[in-house]
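Just so you know, all these numbers are worked out from the coordinates, no wet-lab data involved. Just so we're clear, the structure is a prediction, and the values are computed from it rather than from any experiment. All Cβ positions, glycine included, derive from the backbone under ideal geometry; neighbour counts span all protein chains shown.
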């Protein structure tokens, strides 16, 4: 009997350790799914924004509208990515087990984030300043230049991750989970969709409030 007690204690401790490890791995998967859901939304919005560039003279209002709308989802995506970045480099075990992206994508990631922010910020400043020059900087030139760099980096980024999006997004859709069963079940699905919708709603409020600034450029 005395030999059984420490053995049972070790068994329970081991079971608790496995449960904690499984929960941590679930958190990693949840973060990946949030990133994928927001990324898919951004692909659609970027595609629409790209169409407006083809005819800025007639679609300038919508260029502004969808540009402002993008701010919310982009913020959600960046926060999701930075969260994984922080957890990995602070050596959170589950994120270390998941591992980093390929070295090329690790280098490309910061460029995508920085140029995304640069394109959005310069566009917003152009809208509110109503001038090609802001605080002495050629803001329109910078907006176009950052866009060119962003387009190249984003193309590589999308090509690297596009094949994974359908599986990750579908796995977080309730009807798909019911068909596939527990294998795709990861807690926090409602929260992930709520965060995505909240980001989109925030961008929508900004777009409705500020898209009229396009009239100053006509």
Study note, to complete from the structure: Computed D for the stretch 36-217, Stokes-Einstein, Kirkwood radius over alpha-carbon pairs, 37 °C, 0.692 mPa s, to the nearest µm² per second, is 182 µm²/s
Exercise for review: Output the relative contact order of the stretch 34-183, whole-number percent, from Cα pairs under 8 angstrom with separation of 6+ residues.
Suggested key: 22 percent
Check your understanding: Across the stretch 44-150, how large is the tail of the calculated P(r) beyond 25 Å, expressed as a percent of all Cα pairs?
Key -> 33 percent
Study note, to complete from the structure: Descending packing, highest mean Cβ count within 10 Å first, for 136-143, 123-130 is 123-130, 136-143
Study note, to complete from the structure: Most exposed first, judged by fewest Cβ atoms within 10 angstrom, 33, 167 run 167, 33
Revision key, fill the gap. Nearest-0.05 FRET efficiency for residue 144 and residue 83 at R0 = 22 Å, using Cβ-Cβ distance, is 0.10
**Study point:** Segments 79-92, 62-75 sorted - mean Cβ within 10 Å per residue, highest first
**Key:** 62-75, 79-92
